[in-house]
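Okay, structure first, notes after.
The values are calculated or read from the model by the stated rules, or taken from the named source; none is laboratory data. Quick caveat: nothing in here was measured; it's all calculated off a predicted structure. Neighbour counts are summed over all protein chains in view; Cβ atoms, including those assigned to glycine, are modelled from backbone coordinates with ideal geometry.
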Amino acid sequence: MKKKLLALSLSLAMAFSLAACGGNGGTANSNTPAGDGSDDGPIQVGFAQVGHESDWRTASTKSAQDVFSEENGYELSFVDCDNDSAVQLDAVRNFIQQGMDYIIIDPIVDTGWDAVLTECEDAGIPVIIIDRTITDSDKYTAWVGSDFKVEGLACGEWLKAFAADKGIEEINALVIEGSTGASATIGRTDGFKEIADREGWTILDSQSGDFTEAGGQEVMESYCQSYKGQFNVVICQNDNEAAGAMTAMDAAGVSYGVDGDVILVSFDANKPYVQLVMDGKINANFECNPMAAPMVDEIIKQLENNETPEKEVYVTESWFAAEDNIKTITVNGEEQEMVHVTQEVLDARPY
Ligand code: AHR
């Protein structure tokens, strides 16, 4: 109840002091458990997670469960929404009913959020968005995640430099997109297409593999039937799709990777797939960092201390390549390193 009052005071533009509003004492700081010193018990956090479609998602869920633990002063209510937007909206409404102190949402799709976020605001519950973005409402306290368009642009800029270095004059690409309506899909698609259009490349086809291995395999099987011999690049918008695409290409007798006919690119850079980069099966992999939870913990501690967190926090990400011919790429005017994957690089991967 006291934390609810704190949340309400924040939503009223922090007009009153914590003490005047009956807050929980603001004892948390970056070195102490979030609920430490509170007479309210643990901080209740509801997390409406996208689902369990990918290795990336597993890492994201584990990170949240590790951070929002009892020993860190939290009580976590976790809902796996199984990639169903209706389930996700219901989960958020249930969190409101249950009187959560904070609600975390990783939005399956980027629209349709204003009504439920208004309900959270009316209930005085701060909402923290992670990973994917929302485009039709700004009624949330903070967002922590990736710049998906930058990831797509980086993929395009690397491909441009790589093709030039190898003397590849024509790019005929097949794209396996992520889930339709997800900001991760929209950003990566837009970013890559921007470079493809600028460079005059052909995107032969672009279909959703739903961020799953089965989806990636199914789309690649149909691509191999429709476009065999016509493509020299496959862009998979996540690692699990890349796994499925490799299975399909193996079955169709299409060679890929460093020694193959097709340049294979992935996103996420989960450790087993960075290993595949080192092995030369995947030519390049553009990281999507799943470790938002520790930053959300910091945001909650700031709110508990009556501080105003940053509205947008970007996670840091790296780009990995199998070969060391391209050392850097320039994305949006900024020079960024292409990390050549060695055993040392692989060993240092946290997930
Ligand atoms: O929103 C992040 C994306 O969702 C990851 O790239 C993908 O693996 C996940 O399912």
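Observations, loosely collected:
- Pairs with Cβ under 8 Å, 6+ apart, first in the stretch 93-110 and free of Cβ contacts under 8 Å to residues at least 40 places away in the same chain and more than 18 Å from Gly178 (Cβ to Cβ), second more than 16 Å from the ligand (Cβ to nearest atom) and not in a strand (DSSP E or B): Arg93/Val116; Arg93/Glu119; Ile96/Glu119; Ile96/Cys120; Ile96/Ala123; Ile96/Ile125
- In the set (1) outside any loop (DSSP other than H, G, I, E, B); (2) over 16 Å from the mean Cα position of the chain (by Cα), Ser266 fails one condition alone, (2).
- Residue in the stretch 217-232 that is within 11 Å of the ligand (Cβ to nearest atom), out of contact with any Ser or Thr (no Cβ under 6 Å at 6 or more places or on another chain), not small (Gly, Ala, Ser) and not in a loop (DSSP other than H, G, I, E, B) present: no
- The C-beta contact set for the stretch 273-291 (first residue assigned by TED's automatic domain parsing to the domain that holds Met246 and part of a loop (DSSP other than H, G, I, E, B), second residue charged (D, E, K, R) and more than 15 Å from the ligand (Cβ to nearest atom), distance under 7 angstrom, 6+ apart or interchain) comprises Gly280/Asp259.
- Scan of the stretch 239-264 for residues that are surrounded by fewer than 18 Cβ atoms within 10 Å (Cβ to Cβ) and within 17 Å of Asp55 (Cβ to Cβ), ordered by number: Thr247
- All positions within the stretch 219-238 that are buried (at least 18 other Cβ atoms within 10 Å of the Cβ) and of a type outside the set (S, T, N, Q): Val219, Met220, Tyr223, Cys224, Phe231, Val233, Val234, Ile235, Cys236
- Once the stretch 174-216 is narrowed to residues that are assigned to a helix (DSSP H, G or I) and among the acidic types (Asp, Glu), the residue that is surrounded by the fewest Cβ atoms within 10 Å (Cβ to Cβ) is Asp197.
- Some residue of the stretch 165-173 being within 16 Å of the ligand (Cβ to nearest atom), in a loop (DSSP other than H, G, I, E, B) and surrounded by fewer than 17 Cβ atoms within 10 Å (Cβ to Cβ): no
- Consider the stretch 315-348 and keep the residues that are hydroxyl-bearing (Ser, Thr, Tyr) and either in a helix (DSSP H, G or I) or out of contact with any strand residue (DSSP E or B) (no Cβ under 7 Å at 6 or more places or on another chain) (or both). The one that is farthest from Leu153 (Cα to Cα) is Thr342.
- Selection status of Lys149, more than 16 Å from the ligand (Cβ to nearest atom), modelled with pLDDT of 95 or more and closer than 19 Å to Trp319 by Cβ: no
- Positions within the stretch 59-107 being loosely packed, with under 15 Cβ neighbours inside 10 Å and within 16 Å of the ligand (Cβ to nearest atom), in sequence order: Lys62, Asp82, Asp84
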